[in-house]
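Just so you know, all these numbers are worked out from the coordinates, no wet-lab data involved. Nothing here was measured: the structure is a model prediction, and the numbers come from that model. Heads up, the Cβs are rebuilt from the backbone with ideal geometry, glycines too, and the neighbour counts pull from every protein chain shown.
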Amino acid sequence: MNLVRRRKASETEKPSVSDSKTTNEGGEEEEEEEDDDDKNKKSKKAVTKKKKRKVEEKGKWSCVDSCCWFIGCICTIWWFLLLLYNAMPASFPQYVTEAITGPLPDHPGVKLRKEGLTAKHPVVFVPGIVTGGLELWEGHQCADGLFRKRLWGGTFGEVYKRPLCWVEHMSLDNETGMDPPGIRVRPVTGLVAADYFAPGYFVWAVLIANLAHIGYEEKTMYMAAYDWRISFENTEVRDQTLSRIKSNIELLVATNGGKKAVIIPHSMGALYFLHFMKWVEAPAPMGGGGGSDWCSKHIKAVMNIGGPFLGVPKAVSGLFSAEAKDIAVARAIAPGFLDNDLFRLQTLQHVMRMSRTWDSTMSMIPKGGDIIWGGLDWSPEEGYVPSKKRQRNNGTQIAEQNETGSQVSQTKRGNYGRIISFGKDVAEADSSEIEMIDFRDAVKGSNVANTTCRDVWTEYHDMGIEGIRAVAEYKVYTAGSILDLLYFVAPKMMARGSAHFSYGIADDLDDPKYKHYKYWSNPLETKLPNAPEMEIYSMYGVGIPTERAYIYKLSPSAECYIPFQIDTSAKGENEDSCLKDGVYAVDGDETVPVLSAGFMCAKGWRGKTRFNPSGIRTYIREYDHAPPANLLEGRGTQSGAHVDIMGNFALIEDILRVAAGATGEDLGGDRVYSDIFKWSEKIKLPL
Amino acid sequence: MASILRFRKLCYVEPVKCSSLGFESFETPKIEKKDEGIGPSIENVLQKQEKKKSKRQPKEWRCVDYCCWTIGYVCTTWWLLLFLYHCLPVTLTGFQVPEPPGARLKREGLTALHPVVLVPGIVTGGLELWEGRPCADGLFRKRLWGGSFTEIFKRPLCWLEHLSLHNETGLDPPGIRVRAVPGLVAADYFAPGYFVWAVLIENLARIGYEGKNLHMAAYDWRLSFQNTEIRDQALSRLKSKIELMFETNGYKKVVVVPHSMGVIYFLHFLKWVESPPPMGGGGGPGWCAKHIKAVMNIGPAFLGVPKTVSNIFSAESKDVAFVRAMAPGVLDSEMLGLQTLEHVMRVSRTWDSIISLMPKGGETIWGNMDWSPEEGYDCDLARKRYMKPSLNDKKSNNSDGKRGFHIEDYVKYGRIISFGKAASQLPSSQLPTLGLKEFSSTSTSSSSNSPCGEVWTEYDEMSRDSIQKVPENKAYTARTLVDLLHFVAPKMMRRAEAHFSHGIAENLDDPKYAHYKYWSNPLETKLPDAPDMEIYCLCGVGIPTERSYVYKPSPSDRCKSIPFRIDSSADGSDNGCLKGGVYFVDGDESVPVLSAGFMCAKGWRGRTRFNPSGIATYVREYQHKPPASLLEGRGIESGAHVDIMGNVALIEDVLRVAAGATGAEIGGDTIYSDIIRMSERINLQL
């Protein structure tokens, strides 16, 4: 019936479309077509039904279920991969890397072991600032359950969980620079203190592993971990750290058949160990009472890695406005984000409040004033062109490049001596054009709006607007006036700091005042110990632009904020310029400029000078930075960056050779890529 | 055209299924325009496909997707709960935590005064890898012992190889360097969540201790004591550490807290440090008096532990025997080729330190065939007294009666190893006596080494005949045991002879006692001349502790198995001292009271020949109480060998002494066990 009706319907339509003659002939065809159509419709219906069914099914699989399904899938795959990863033979990653990049060079430890090197001299590591772990021994209520857990180093999980509590526990007392009442945060001891900073981010681990290859172990290695937040002398007062280091070095030497120790300080550890060497020979009440030949008896060599002997400009910007290049870049990219008070984060303010309680940061304020770091019109590095580095690789063109380089530098050289300048024009202007209004006597205005700033307290709130303006109007600060600036903006911090550190240059080293411990970490105000057989190495990376001077501006709103910030809009004219995002860069290892790391070994202590009366031999070993060739290499085996250099194969090889008995001459003496000798010549320091 | 489009879509979605039709599908658009006839055929195919598809799809959803769904569901819930748990304030999560003793004592005004040195015992210290074979790649400076022990499951044979020492020298095998983990982390937790020293450290920290006045004297507990000095200079380091802490803490003497085997290690140290340099530390005779205020021995194993005997003899102890009784065949089955016990035996026999824990003092201390100091100890009574103190009065008459009954057949603890339950109970006159020396001289021709595979225990070197002879002697006392071990493990004992001695000195002034092998035996050394020093014996009581064993020969005579095993079928009748082939006495689950307390209770009490300067000794016993609820974890009043480190009373004692109190101030002796009576029975010339 159905069929018939439809045919009729179609027939009624047909005539209008086609001729009556062809109806019969075409009817059959049409019938077939019709049938097909029918089937089509049926199938269509079927499809729709199926669709409906699907929809129903999907209805069962609601959104939550799909989510669960999705999570389940991911989890399963993840576990599966994890299983595969765990089941994988340990040598697999290496195999893959070798397949892609070609055979890896042997680890220096393996290589040297084949050469027949074995452990000889005991080795002492002195970690730098920031890299050492700190753990909680006593805390406030909010830090419950964190007993003997790492607050610093490791995963930093607590920073996210309870940030304010964390900041509170990491801060020191603002007056004494020691523990706040009820809080005891202490350094982690042993090699674990600084082998990895965070999981996977090695500091000393690679070096330790390579030393172990040639036979070192716990009894011949010692990590001189100390609380890097407090001033050097306070580590002795509070924790007796210096005494412990002394006793441990004596023990190492005694249990290893009288072999002298090789000391390897890194970063601020270099200053710390300088302090130690003076402390240990000083008489008992203030010093360690080891006698005047302690160093020559117990130390074979001091191999400073990236030692900021004369300080780092970074420390200034850190103290002044809690910023460094990284933060400045972040601010340039996403303006307003860091300053955003929407979340009441005030991150930078918190960081500043915390880090200003750490005395140790003041040990790295540039030392030696204008004589070392340059005045308004000159600086030892002037004429440095960052682009030179890039072309140095094509060795033949060096001469050419130097010519063009010097031409460029004559037209617009960076006035590195002006460590802080307000405004780019000021930074580049001739010194005679700058009118400086003295800020030192400026009246600090009344306390601005402390009420709105809630819990974050930085010393800027005590300064008042007048004080801030006075600072900005002085325009330019050199290494010498930086100190006055810091005294002005952070009087409490500097009051603590000046009791523990000094930044000058000694006129007469025999002056009895230099017996005070505050001079011990300044190489320009102390003599090296009387140990003619000792060796001092300065090993550092070169070839990375390093912060040297800053262009500042006033913060737009001056209330709760840190009133100054780096002017990230200040850029050099072309790409090769030293000025980038408000920061002038020179050659260095990303943190320490070459000048600071190398000057003492290149000139200050070279030969018999007044700083080095016994003529301790010094060696400069520079490591040219080469970024890792690909991602598989991780942080690279030829890196020159401040921390990554600890994985530099050439550096490790040098250390291993010295630890196994070689002298500086055996290594090949100096190894220099930078202009350190040229720059040192320009510094007129009476020796 | 619509159909074609649909077809295309299908092909797009399921290229594999369409691959057979792929040719057609490319052709169709052109053909269709010319000839419509092909259209339907495609349509048919399509329908079939769709039918197939509709059949297949639900199945797929059900199989894999349900699994994924469940996993996802579980994961999400888990994370949610975890998140909630983390969000909860710390105080809410736990039950009402009893106030830790450190916090209470701090309120009392106690502060850190004397620096504290912790000396861990056997097994609890972590060991890490410094150099290994290729199979241990990637484990550099990872823990092999302690921590999560994941490597056992991943590469068990490699793990065993690295933990073994050299069978001849007792030092590192070539190419392998495994060293003790240094610092407090060495033994604060043995495995995640299983504390050893952590609770004590935390309480010390509450009254002001920190890294500078708290030191963990970690050492490689596998080595003999003198070898820790030879290989790692561990004793020199300890000496230097103690001197440093003494000087940097205002010249306050040190309180030393050794645990378990650490006790005899420190005894060794006390002698070593005052001995002249080539063999000793050269600290001079006044060193201990100058630097040490008190030695607070926790669970001290002064006179050895019977457990070690069974360990060395057949690599078993109560726990293993118990497992064997529960599931016979599992441990012995060689189906999986595991040979767990054999491997354990082979490895542990290379560890010299175990031998330091063998019972010392022979029959004088540990009893002979017919006699033992503990005889008359009523295990049942003990249990009742400890478990249900309230019932004590009611049952007192009853137990008195029992005691009378028991007088006839005291448990003969003196027979540390006996073959067969009968042999452990017979009067000595009925036992066959066979000089062990005799059969130890019989030929030890190596029997069928070839099928024994890679597991090598010294039993493989013994001929079956000589193995047969061991059980013939029926019972072994502490004295004959040494001969027995010499017989079954000659190499190990030869190493041990050079490092340890287990006798009693006749004349302590004999120059031979200047040798270091006597230093760890309290019965063969004098205490240092330090009259102001104090020695504490802090031990748990109230837990049945292994004292002697009933053995039987293994049923199978295959070369791969250990030929003897504890007869776990031997159970006592009613008094309960014998269970699963093991006789129990009072103790802390590992160390019997006798071993822990005797020296403090009698051997060193007053001025004796072992204690010429009259160092004050105190016995502090801690009654075991099992944790009241699961939430308490391992209990705060436990007396068990390791759990006692969380015992509140013990922690309080340690803290008070560290803060300056003397033994008399904390209350002198506290004794729950029969240690005084037992000591009286021991006939030792003092």
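Shielding value for B:139-151 is 1, the average number of Cβ atoms from other chains within 10 Å of each residue's Cβ. Loop-located GluC sites (Glu not before Pro) in the stretch A:160-262 (DSSP state not H, G, I, E or B) with no more than 11 neighbouring Cβ atoms inside 10 Å: A:GLU175. Note on the stretch B:154-194 and the stretch B:624-661: Cα centroid distance 29 Å, given to the nearest whole angstrom. As a proxy for reagent exposure, ranking A:TYR623, A:TYR226, A:TYR95 by other Cβ atoms within 10 Å from fewest up yields A:TYR95, A:TYR623, A:TYR226.
Between A:SER569 and A:TYR196, 0.36 nm times their residue separation minus their Cα-Cα distance comes to what?
130.6 nm
In whole angstrom, how far apart do the alpha carbon centroids of the stretch B:486-537 and the stretch B:99-144 sit? With the stretch B:486-537 and the stretch B:99-144 each reduced to a Cα centre, they are spaced 28 Å.
Fewest neighbouring Cβ atoms within 10 Å first, the residues A:LYS246, B:LYS421 line up as B:LYS421, A:LYS246. Note on B:TYR516, B:TYR536: ascending count of other Cβ atoms within 10 Å places them as B:TYR516, B:TYR536, the fewest first. When +1 charges are put on Lys and Arg Cβ atoms and -1 charges on Asp and Glu Cβ atoms, the dipole computed for the stretch B:511-665 relative to its Cα centre reaches about 760 debye.
For the ranges A:310-323, B:199-212, what's the packing order if you count other beta-carbon atoms within 10 Å of each residue, average per peptide, and put the highest first? Let's see the in-between values first.
Details: A:310-323: 25.4, B:199-212: 22.1.
Result, highest mean first: A:310-323, B:199-212.
Pairs from the list B:LYS421/B:LYS491; A:LYS260/A:LYS367; A:LYS475/A:LYS678; A:LYS367/B:LYS212; A:LYS608/A:LYS684 with a Cα-Cα gap above 21 Å: B:LYS421/B:LYS491; A:LYS260/A:LYS367; A:LYS475/A:LYS678; A:LYS367/B:LYS212. Annotation: the antiparallel percentage among DSSP beta bridges lying fully within the stretch B:96-230 is about 65. Most tightly packed first, judged by the mean number of other beta-carbon atoms within 10 Å of their residues, the peptides A:205-212, B:150-157, B:76-83 read A:205-212, B:150-157, B:76-83.
Charging the Cβ of each Asp and Glu at -1 and of each Lys and Arg at +1, and nothing else, the dipole of the stretch B:174-319 about its Cα centre rounds to 240 debye. Please state the shape class of the stretch B:59-218: rounded when a/c is under 1.5, otherwise prolate if a/b exceeds b/c and oblate if not, all from the C-alpha gyration tensor. It is oblate, given that a/c is not under 1.5 and a/b is not larger than b/c. Distances between placed amide hydrogens fall under 5 Å for A:ILE544 paired with A:GLY588, A:GLU590, all partners being 5 or more residues away or on another chain.
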